[in-house]
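The next block holds one structure in the form of structure tokens; read it before the comments.
The values are calculated or read from the model by the stated rules, or taken from the named source; none is laboratory data. Keep in mind that this is a model prediction, so the values were computed, not measured. Every residue, glycine as well, gets a Cβ built from its backbone with ideal geometry; the counts of neighbours run over all protein chains shown.
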Amino acid sequence: MITPNSVDKNIFNLILSLLENAEKRNNDELKYMNEIHNRVVDTNNNIIRIHDNKSVHYSNKNTVLYNKLQELFGNSDLMLDCFYKLKYNIGDYSHPHTDSYSDQTSLLMLSDNFTGGDFTLDSKQVNFNKKSMFVNFDSTKKHSVSEVLTGHRVVLVMLFQKKIKKA
């Protein structure tokens, strides 16, 4: 069973500040995202249901933010491919799914003013509902979020790919 960890308060506040001022993905970057990670961009499908999609896709050109996320959540074998903020409103949820287009998924909780929105990994509920909590897991594992009943569940999603080894 996975146990969430917490990011240090100062580092969490730094991440929030960097996100607030971060450059969003441009049209070319979003086109790539749609081709490679179409479910990430389209959240009105049969797996993830986000009414009035409030996701924010950040450019990897935000080098300070990118490097901080890579340092905190990646490792020497994984490269941060993309990251975005996903806001679940009342009634929003995701069915069990995998992130088959990446190798590791990392989630950082950005809010804690909600009820419902329970996170499940491999059919086991994970106590992941407080600001600054994070989880890292193999992207091939099924995970889901139950319906948000009150408030807003906001999470930073980070998708990592294995680095290509040079011969």
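Observations, loosely collected:
- Restricting segment 9-24 to residues that are over 10 Å from Leu65 (Cβ atoms) and touching a residue at least 12 places away in the same chain (Cβ under 8 Å), the residue that is surrounded by the most Cβ atoms within 10 Å (Cβ to Cβ) is Phe12.
- Residues satisfying the stated conditions in segment 118-140, i.e. touching a helix residue (DSSP H, G or I) at 6+ places or on another chain (Cβ under 9 Å) and not in a strand (DSSP E or B): Lys131, Ser132
- Residue ID - surrounded by the fewest Cβ atoms within 10 Å (Cβ to Cβ), chosen from residues in segment 52-93 that are in a helix (DSSP H, G or I) and in contact (Cβ under 8 Å) with a residue 24 or more places away in the chain: Val64
- So Thr98, is it touching a residue at least 24 places away in the same chain (Cβ under 8 Å) and surrounded by fewer than 16 Cβ atoms within 10 Å (Cβ to Cβ): yes
- Some residue of segment 90-111 being at pLDDT 95 or above, of a type in the set (Phe, Trp, Tyr) and more than 13 Å from the chain's Cα centre (by Cα): no
- Selected residue [in contact with a helix residue (DSSP H, G or I) (Cβ under 9 Å, 6 or more places away or on another chain), modelled with pLDDT of 60 or more and not aromatic (Phe, Trp, Tyr)] from Asp52, Asp81: Asp81
- Entry remark, segment 104-117: residues being crowded, with 18+ Cβ neighbours inside 10 Å and in a loop (DSSP other than H, G, I, E, B) number 2 in total.
- Only listed residue being surrounded by fewer than 16 Cβ atoms within 10 Å (Cβ to Cβ), within 18 Å of Leu69 (Cβ to Cβ) and basic (Lys, Arg), chosen from Lys141, Lys131, Lys124, Lys163: Lys163
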